[in-house]
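Just so it is clear, none of the values below were taken in a lab; they were calculated from the coordinates. Fair warning: this is a prediction, and the values are worked out from it, not measured in the lab. As a convention, Cβ positions derive from the backbone with ideal geometry for all residues, glycine included, and neighbour counts pool all protein chains shown.
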Amino acid sequence: MKNLPALLVMCKPLVVEGNTIIIGFDYPLIREKFDKTAGALELVTDTLRELSGTDCIVRTVTTSEYPMPIAREEFQALAAELGGVVRDE
């Protein structure tokens, strides 16, 4: 796994969904390389479990294909800042 450090430089944590940590890669080719590197996901998961003290899981995504969740309050604040209104229809 000598290429793992280089692959990890190419990713970023995006969000925590429950007990799942989503890490994103900007390029599908790099994500695929990480996903196919034997033991890489397990090592990252084990490391994050140890650091966080939780039983988390790690999932990889391609950043451009992952819709970032936004809290309703954040969305409303952004709308108000831009002079808009959020309505339920």
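Summarising the label geometry, the points placed 7 Å from Cα in the beta-carbon direction at ILE57 and ARG87 lie 4.0 nm from one another. At full extension, ASP26 and LYS2 could sit 6.6 nm farther apart than now, given 0.36 nm per residue minus the alpha carbon distance. To the nearest 10 degrees, how steeply does helix 40-52 sit against the main Cα axis of the chain, on a 0 to 90 scale? The angle comes out at about 60 degrees.
For the chain, the longest principal axis of the C-alpha atoms and the axis of helix 72-81 are separated by about 60°. For the chain, relative contact order (Cα pairs under 8 Å, six or more residues apart, normalised by length) works out to 28 percent. Based on the Cβ-Cβ distance from ASP46 to ALA77, what FRET efficiency comes out when R0 is 25 Å, to the nearest 0.05? Result of the calculation: an efficiency of 0.10. Basic side chains Lys and Arg get +1 at the Cβ, acidic Asp and Glu get -1 at the Cβ, and with that the dipole of the chain about its Cα centre reaches some 400 debye.
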